[in-house]
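The values are calculated or read from the model by the stated rules, or taken from the named source; none is laboratory data. Bear in mind the structure is a predicted one, so any value in this text is a computation, not a measurement. Note that we place each Cβ from the backbone using ideal geometry, even for glycine, and neighbour counts take in every protein chain shown. These accessible areas exclude ligands, DNA and RNA; they are computed on the full protein's heavy atoms, side chains included. Shrake-Rupley method; radii C 1.70, N 1.55, O 1.52, S 1.80 Å.
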Amino acid sequence: MTSSALVPSVPSDNPDADRIAEVSRNTAETRIHVRVNLDGTGEARLSTGIGFFDHMLDQIARHGLIDLRIECEGDLHIDGHHTVEDVGITLGQAFARAVGDKKGIRRYGHAYVPLDEALSRVVVDFSGRPGLHLHIPFTAGSIGGFDTQLTYEFFQGFVNHAGVTLHIDNIKGINAHHQCETVFKAFARALRAALERDPRAAGVIPSTKGSL
Ligand SMILES: [Mn+2]
């Protein structure tokens with residue numbers, strides 16, 4: 001049984017207002033509260049109970065200039081699966097809500113980010129159509145107790161609920177911590193680029209369809 005409480009985002013009639021949304025999602029497996037400000041400064045308050053996962057979510061805030069509050073009490077006595085997947089789902093819901101009708105945003109964003117020997121590229125489209133194309137040849141199964149397979153679960157949850165097309169490629173990397181961190185940093189930079197307001201397209205929905 002899932003319950004989601006959606007706190008209304010700020011009205012979109014002011015094109016300069018901060019884009020803020022809050023979502024609570026409670027199931028028998030996880031209890032999650034997320035607050036995002038897409039026009040923030042990169043401030044993060046994170047407690048998922050998985051240290052490395054918090055470190056990755058921190059990259060989204062810092063490099064996306066997104067204020068992020070994520071509290072999760074999950075069934076970590078089983079493993080990290082439900083926690084990571086459900087944080088992805090809830091964060092995706094919060095993004096969809098904060099982005100609103102997508103008027104005036106750039107819609108597309110991409111970034112290459114290196115960290116020493118590792119290099120990743122992330123391309124995002126706020127298309128309204130969920131699609132994940134993820135290629136990360138992880139060199140280890142676990143990073144500080146974080147199961148690297150859960151990277152896919154996080155992004156699948158996010159994509160499904162944010163309604164974005166996401167292409168993620170880790171191009172090079174030997175150290176798995178570096179591989180994962182370059183993916184999250186590139187994701188953050190791509191989000192920032194896509195969600196930025198385009199002054200040449202103020203009030204315009206960036207699609208020939210007229211809606212996204
Ligand atoms: Mn690190």
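Just checking, which of Leu191, Leu166, Leu134 is of a type in the set (A, V, I, L, M), without any contact (Cβ under 8 Å) to a residue 40 or more places away in the chain and either in a helix (DSSP H, G or I) or closer than 30 Å to Lys209 by Cβ (or both)? From the options Leu191, Leu166, Leu134, the qualifying one is Leu134. Of all the numbered requirements in (1) at pLDDT 95 or above; (2) at positive phi; (3) buried (at least 18 other Cβ atoms within 10 Å of the Cβ), Ile70 misses one, and that requirement is (2). Looking only at residues of segment 93-151 that are within 16 Å of the ligand (Cβ to nearest atom) and closer than 16 Å to Ala193 by Cβ, we find that the one that is least open to solvent (accessible area, probe 1.4 Å) is Ser120. When Leu46 is tested against (1) in contact (Cβ under 8 Å) with a residue 40 or more places away in the chain; (2) closer than 18 Å to His177 by Cβ; (3) in contact with a strand residue (DSSP E or B) (Cβ under 6 Å, 6 or more places away or on another chain), exactly one condition is not met: (1).
Does Pro199 meet the test of being away from the ligand (no atom under 16 Å from the Cβ), open to solvent by 80 Å² or more (accessible area, probe 1.4 Å), in contact with a Gly (Cβ under 9 Å, 6 or more places away or on another chain) and over 20 Å from Arg35 (Cα atoms)? The answer is yes for Pro199. Number of residues in segment 28-43 that are assigned to a loop (DSSP other than H, G, I, E, B) and in contact with a strand residue (DSSP E or B) (Cβ under 6 Å, 6 or more places away or on another chain): the value is 2. For segment 164-185, residues that are within 16 Å of the ligand (Cβ to nearest atom) and open to solvent by 30 Å² or more (accessible area, probe 1.4 Å) total 5.
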